[in-house]
Amino acid sequence: MNNYSKIEINLIEWFNKNKEPWFFRKDRTPYKVWISEVALHQTRINAALEPLKRFLTIYPNVHSLAKSTEEKVMNAFRGLGYYNRAKNLLRGAVYLEKYYDGIFPDTFEELIKIPSIGSYTAAAILSICFQKKIGVLDGNVKRILSRLLFIEKEINDISFIKTCEKFQNSLFSQIKLNSGDLNEAFMELGQKICTPKNPDCDNCPISDFCFAQKKNKQNILPIRKTKKENITVDWHFFILHYENKFLIQKYNSFCFLKHHWGFPSFSSFENSNENKYSFDNINELTFLKKNNYIESKSLKPIKHSITHHKITMHTNILNLNKVIKNNENLLWVNENEITKYLTASAMIKVWRAFKNN
DNA sequence: AAGTCGGGGAA
DNA sequence: TTCCCAGACTT
């Protein structure tokens, strides 16, 4: 038996003993695998479980998703972050309806043309749903292979990827068991054993084949690009209160959370004197210039982060004595309606802080 | 090839 | 607290 076979058998055996009974592993239709994989991109499984369940309940199939709207899909995706994924899921569903009558194709070339499906998601769908012999290459697998094969190239370097793909082609071309299981085994190994820090090599089913482990260098791999420096940001929100309503607006061209609904706000950045406003024209919100409010109050600042921005959120509550006119980007809503509009975690944090105040 | 986009869990 | 990372798209 060659090493590829041993790796396959050891991994599958380990997976059968240790796999988690995630709900999204029960019904492996291409649609559910697609949505699940996209929801799990760049996020921890535990954090994604409830939002994913909710999304699949609201949109149980391609057709229901395809006929929805961007705003509703983003709200169904709330809590998961990277909301372009939600918009791309909608685009993907529309594309599937238009070109495939809602039925998933089963080739790599066709799948990656669908919005939101890249090489990772295509390989996941092909192996899990169609038993195609193709390896997925996500962050987990890259980390494992960097150690297993001792790849000292920077992760995502073209030669790093080539080395991984060459190994996977050899492994999967001679696979005897289920290729979807083998892919999931790799990823779950990355979550539980071959972790970013302090991998648990003693309990690793393939440590006998791991070159990094032989050299005791598993902790220095994979090699990553030096990360972008954090930027400190102060983000000021205005909760405008008039009778029973609150003013929210669409962030069409703001620096954060584009296309989300939120409270009128502006950000100030370190090393910059220029503030970014969530409203296009400062005259839209005359309260900032004139004293149109009866009383104001501030909440305790809240910490938040968006990619490399370290944000302190400041909330000002203003009780107005006259209403600011609506336009398409400004909306007065009551407490019950507002939760339908607030999608991003940052905004929900602000709203909760206000409610608990 | 590089920039962008959220969020929470681990250390 | 700080650090870390489970892709795809646009330019």
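The values are calculated or read from the model by the stated rules, or taken from the named source; none is laboratory data. None of the values given here were measured: they were computed from a predicted structure. Virtual Cβ from ideal backbone geometry, glycine too; neighbours counted across all protein chains shown. For accessibility, only protein heavy atoms count, side chains too; no ligands or nucleic acids. Shrake-Rupley method; radii C 1.70, N 1.55, O 1.52, S 1.80 Å.
The set of residues in the range A:191-223 being closer than 17 Å to A:Glu13 by Cα and surrounded by 20 or more Cβ atoms within 10 Å (Cβ to Cβ) consists of A:Cys194, A:Cys204, A:Pro205, A:Ile206, A:Ser207.
Scanning the range A:93-106 for residues that are under 21 Å from A:Ser173 (Cα atoms), among the aliphatic types (A, V, I, L, M), within 13 Å of DNA strand C (Cβ to nearest atom) and open to solvent by less than 40 Å² (accessible area, probe 1.4 Å) turns up nothing. Here A:Ile158 passes the criteria (1) over 27 Å from A:Arg25 (Cα atoms); (2) in contact with a Gly (Cβ under 8 Å, 6 or more places away or on another chain); (3) among the β-branched types (Val, Ile, Thr) except the one numbered (2). Could you please find all residues in the range A:184-210 being over 25 Å from A:Lys133 (Cα atoms) and in contact (Cβ under 8 Å) with a residue 24 or more places away in the chain? Across the range A:184-210, the qualifying residues are A:Pro196, A:Pro199. Given the criteria outside any loop (DSSP other than H, G, I, E, B), of a type in the set (Asp, Glu), touching a residue at least 24 places away in the same chain (Cβ under 8 Å) and farther than 30 Å from A:Phe24 by Cα, does A:Asp181 qualify? Spelling it out, it is not the case that A:Asp181 is outside any loop (DSSP other than H, G, I, E, B), of a type in the set (Asp, Glu), touching a residue at least 24 places away in the same chain (Cβ under 8 Å) and farther than 30 Å from A:Phe24 by Cα. When residues in the range A:315-357 are screened for being more than 14 Å from DNA strand B (Cβ to nearest atom) and either part of a strand (DSSP E or B) or among the charged types (D, E, K, R) (or both), 18 of them pass. When the range A:212-262 is limited to residues that are of a type in the set (Lys, Arg) and within 26 Å of the chain's Cα centre (by Cα), the one that is farthest from DNA strand C (Cβ to nearest atom) turns out to be A:Lys250. Each residue in the range A:40-60 was checked for being more than 8 Å from DNA strand C (Cβ to nearest atom), open to solvent by 30 Å² or more (accessible area, probe 1.4 Å) and not in a helix (DSSP H, G or I), and 1 of them qualify. Considering A:Asp200, A:Asp181, the condition of being modelled with pLDDT under 95, among the acidic types (Asp, Glu) and under 27 Å from the mean Cα position of the chain (by Cα) is satisfied by A:Asp200 alone.
Does the range A:235-280 hold any residues that are within 15 Å of DNA strand B (Cβ to nearest atom), basic (Lys, Arg) and touching a residue at least 60 places away in the same chain (Cβ under 8 Å), and which are they? Within the range A:235-280, A:Lys250 is the sole residue that qualifies.
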